[in-house]
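Here the structure is laid out as structure tokens; the discussion comes afterwards.
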Amino acid sequence: MNEQEFMNITGGIDERYVAEYQSNAKVHDLNRRKINIGIVAAVLVATMASVGVFAYTQITHRDKVSIFYSEDGVQKLEESMLANGYTVSNGKFELTVDVEMCDGNFTKGVYTMTALTDDAKEHLKTMTRKLVYADTGEWIYPVGGASEASFGEAMSENEISMQFSYPVHNSYIDASRPIRLVFFEYVKTGETDGYGDTVVEDYTYYDGIYFDLLSEPNVPTKTLHAEDSTEITLTPYGVSQLDENWVYPENDEIIGTAVNSFVVIATDGERIEILSDGDTSPVRGLGTGVVNGIIITGAYGSGNFSIEFGTVLNVDNISGVEINGVAFME
């Protein structure tokens, strides 16, 4: 896959993440991440259900979801009844929302798009999406989130599984209205407006392919505090901060800093090192990127920020986290 094909699939996200994905594609496997597996195993327990034998819904593309949340994490997601299973098809494509989680700030998860016909396979490469209000179809922009593809087993000739992360409460979003992720592709009309080729949204292959985002929490949350009273929201799959007054940065203004270190602190005092040698350059706080396999949305301190563990933990066994040396504790 060349850079242009990747940009088509990811909807034209920031170019800095193209190289980042190419260099970090192989580290989505939890075993390759810089995590103390022994410590993690000690705190990996069911997040919303007691240990035991019971029936639960299996995630549709559980092998794909495990690329993002680990094999053990997928089991915890299923035990916690977080398998979504929503499916919609138009005869050309089938969309499956494998798992969807909301902490009140961001809605995250994994969806899978499957081409059902040979000609649809080519249009899978140019898939893009946007957030709209479900009641009017009005485009919500800017958002400060993205959908990201994983290479390797998460992609094939006729199917791609993507992890998504979108804020559901900020200054640009009316949280009282249903929010929908709509799929389409951009095509050239063959005409020019005098400045370049005219490009339009085309729904020929993606007509009716969409799903509505959760806007209320469906996972356990815990609020952690830093010494300066800054708060961060902890969930079984990560942490997030979202300022309802967050605004889109203008003129390449840098708001927030990159995450260079991220540690989870267990209730018994053990420190679980999630990230120790991350990106060192500040960013604008937009979009989603990958550093050593850890999914980071936005920039730390930007007011539009989240980090995912890459697996699923029990919040009851976590007393705090440490980001760039700053501790957030219960």
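The values are calculated or read from the model by the stated rules, or taken from the named source; none is laboratory data. A quick note: this is a predicted structure, and the numbers were derived from the prediction, not measured. Heads up, the Cβs are rebuilt from the backbone with ideal geometry, glycines too, and the neighbour counts pull from every protein chain shown.
Can you pull out the residues in segment 303-319 that are in contact with an Asp or Glu (Cβ under 8 Å, 6 or more places away or on another chain) and on the phi > 0 side of the Ramachandran plot?
Once the filter is applied, which keeps residues that are in contact with an Asp or Glu (Cβ under 8 Å, 6 or more places away or on another chain) and on the phi > 0 side of the Ramachandran plot, segment 303-319 yields only Gly303.
Among the residues that make up segment 200-209, is at least one of them surrounded by 13 or more Cβ atoms within 10 Å (Cβ to Cβ), out of contact with any strand residue (DSSP E or B) (no Cβ under 8 Å at 6 or more places or on another chain) and not polar (S, T, N, Q)?
yes
Lys188: in the same structural domain as Lys76 (by TED's automatic domain parsing), free of Cβ contacts under 8 Å to residues at least 40 places away in the same chain and of a type in the set (Lys, Arg), yes or no?
Spelling it out, Lys188 is indeed in the same structural domain as Lys76 (by TED's automatic domain parsing), free of Cβ contacts under 8 Å to residues at least 40 places away in the same chain and of a type in the set (Lys, Arg).
Filter segment 89-114 down to the residues that are farther than 30 Å from Leu234 by Cβ and among the small types (Gly, Ala, Ser), then identify the one that is surrounded by the fewest Cβ atoms within 10 Å (Cβ to Cβ).
For segment 89-114, the residue satisfying everything is Gly91.
Would a scan of segment 297-306 turn up a residue that is of a type outside the set (Gly, Ala, Ser), at pLDDT 95 or above, crowded, with 20+ Cβ neighbours inside 10 Å and touching a Phe, Trp or Tyr at 6+ places or on another chain (Cβ under 6 Å)?
No: zero hits.
Could you please find all residues in segment 167-195 being out of contact with any His (no Cβ under 7 Å at 6 or more places or on another chain), at negative phi and in a loop (DSSP other than H, G, I, E, B)?
Scanning segment 167-195 gives Val168, His169, Asn170, Ser171, Tyr172, Ile173, Asp174, Ser176, Arg177, Pro178, Asp193, Tyr195.
So, Tyr141, is that one under 29 Å from Ala83 (Cβ atoms), aromatic (Phe, Trp, Tyr) and surrounded by fewer than 19 Cβ atoms within 10 Å (Cβ to Cβ) or not?
It is false that Tyr141 is under 29 Å from Ala83 (Cβ atoms), aromatic (Phe, Trp, Tyr) and surrounded by fewer than 19 Cβ atoms within 10 Å (Cβ to Cβ).
Would you confirm, using the coordinates I've provided, whether Pro178 is surrounded by 11 or more Cβ atoms within 10 Å (Cβ to Cβ) and more than 15 Å from Val132 (Cβ to Cβ)?
no
Counting only residues that are within 18 Å of Phe93 (Cα to Cα) and either more than 21 Å from the chain's Cα centre (by Cα) or surrounded by fewer than 20 Cβ atoms within 10 Å (Cβ to Cβ) (or both), how many does segment 155-175 have?
Total meeting the criteria: 5.
Name, by its number, the condition in (1) more than 30 Å from Val88 (Cβ to Cβ); (2) outside any strand (DSSP E or B); (3) at pLDDT 80 or above that does not hold for Glu216.
Checking Glu216 against (1) more than 30 Å from Val88 (Cβ to Cβ); (2) outside any strand (DSSP E or B); (3) at pLDDT 80 or above, the one that fails is (1).
Taking the condition within 29 Å of Leu313 (Cβ to Cβ), in contact with a Leu (Cβ under 7 Å, 6 or more places away or on another chain) and of a type in the set (A, V, I, L, M, F, W, C), does Met81 pass?
Criteria not met by Met81.
Looking at segment 310-329, which of its residues are crowded, with 22+ Cβ neighbours inside 10 Å and either under 15 Å from Leu275 (Cα atoms) or among the acidic types (Asp, Glu) (or both)?
Gly310, Thr311, Val321, Ile323
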